[in-house]
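Structure record follows, encoded as structure tokens.
What follows draws every value from the coordinates through simple rules; no lab data is involved. Fair warning: this is a prediction, and the values are worked out from it, not measured in the lab. Glycine gets a Cβ as well: all are built from the backbone with ideal geometry, and neighbour counts include every protein chain shown.
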Amino acid sequence: MIDTGIWPESPSFNDKGVGEIPKRWKGVCMEGSDFKKSNCNRKLIGARYYSNIKVKSAGNKTQPDPAAKSSGSPRDFVDHGTHTTSIAAGAPIANASYYGLARGTARGGGSPSTTRIASYKACTEEGCSGSIILKAIDDAIKDGVDIISISVGMNALFQSDFLNDPIAIGAFHAEQMGVMVVCSGGNEGPDPYTVVNSAPWVFTVAASNID
């Protein structure tokens, strides 16, 4: 998962009933602010962060992320990455609800006993850097992931063509290496022409109707 990091204490990442980590796994569990190697387990098998995350500032210059604590750890201080990761591969959580509403069992995708998670923190509350997203994709491929999930994207009005879109470029490389890339289609609907991450080599996920 390439996103804003992960909150490892969430029950969604409990490794109960999960077998040993596959020997082919080459990833790491990086330590940082409020995050130790022991936060990883047989479910959350990898966590990386990028201390040189940069954001745009006034004058179109780049500078280090001012949220030093946030960028210096795999820990998620935004909650977006934790949310999307639990949807993609979280363990079943019984009696879950939204402030008492819709109570039931929350389930992530895949088999609870075999689906693993590796978190790549390429974004903070200040946004995402295209170069860091590309670095995270490269790291995920080298670490040995099977699927890369990226639930971020720019506004549909400002998205660039595939030749200049870092997600499209990185996803193309991943697909060539046999790694499937799944991306969100954005949050700009229901207006037409608002789907993002629509490169033909990307599995784009979005909600729609038949009207």
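For the chain, which span is the longest to avoid every loop-located (per DSSP) member of chymotrypsin sites (Phe, Trp or Tyr not before Pro) having at most 16 other Cβ atoms inside 10 Å?
Details: sites that count: 25, 99, 162, 193, 201.
That gives 26-98 as the longest site-free run.
Out of 166, 190, 74, any idea which swings most in a Gaussian network model of the chain, alpha carbons joined below 10 Å?
Most flexible of the set in this elastic network: 190.
Answer rounded, prolate or oblate for the chain, using the Cα gyration tensor with square roots of eigenvalues a ≥ b ≥ c: rounded when a/c is under 1.5, else prolate when a/b is larger than b/c, else oblate. Walk me through the intermediate numbers first.
Numbers: a/c = 1.40, a/b = 1.18, b/c = 1.19.
Because its axes are fairly even, with a/c under 1.5, the chain counts as rounded.
So which helices of the chain fit the span-like rule, where a helix is a whole DSSP H run, its Cα atoms reach 18 Å or more along the axis, and its mean Kyte-Doolittle is at least 0.0?
Once both thresholds are applied, what remains is 130-143.
For n ≥ 4 DSSP H runs only, could you compute -39500 (n - 2.57) per run for the chain, divide by its residues and tell me the 222 nm figure to the nearest 500?
Mean residue ellipticity at 222 nm (helix-derived): -5500 deg cm²/dmol.
Kindly flag which residue pairs out of 36/135; 36/142; 16/43; 16/121; 36/121 have an alpha-carbon separation exceeding 19 Å in this structure. All intermediate terms of the calculation are to be shown ahead of the outcome.
Details: 36/135 22 Å; 36/142 22 Å; 16/43 8 Å; 16/121 24 Å; 36/121 15 Å.
Beyond 19 Å between Cα atoms: 36/135; 36/142; 16/121.
Roughly how many whole Å is it from the C-alpha centroid of region 133-174 to that of region 18-50?
22
Expressed as a rounded percentage, what relative contact order does region 153-211 have, with Cα pairs under 8 Å and six or more residues apart? The partial results should precede the final answer.
Details: 73 pairs, mean separation 21.9, N = 59.
Reported relative contact order: 37 percent.
At 7 Å along the Cα-to-beta-carbon direction for both residue 80 and residue 97, put a label point, then send me their distance in nm to one decimal.
3.0
Could you size up the charge dipole of the chain around its Cα centre, putting +1 on the beta carbon of Lys and Arg and -1 on that of Asp and Glu, and report it in debye to the nearest 20? Could the numbers behind the result be given before it?
Numbers: 20 positive and 21 negative charges, 172 e Å.
Roughly 820 debye, rounded to the nearest 20.
In the chain, which cysteines lack any other cysteine Cβ under 4.7 Å from their own?
183
Using the C-alpha gyration tensor of region 153-211, what are the square roots of 5 times its eigenvalues, in whole angstrom, with the largest one first? Don't skip to the end; give the middle numbers.
Values: eigenvalues 92, 38, 11 Å².
For region 153-211, the ellipsoid semi-axes come out as 22, 14, 7 Å.
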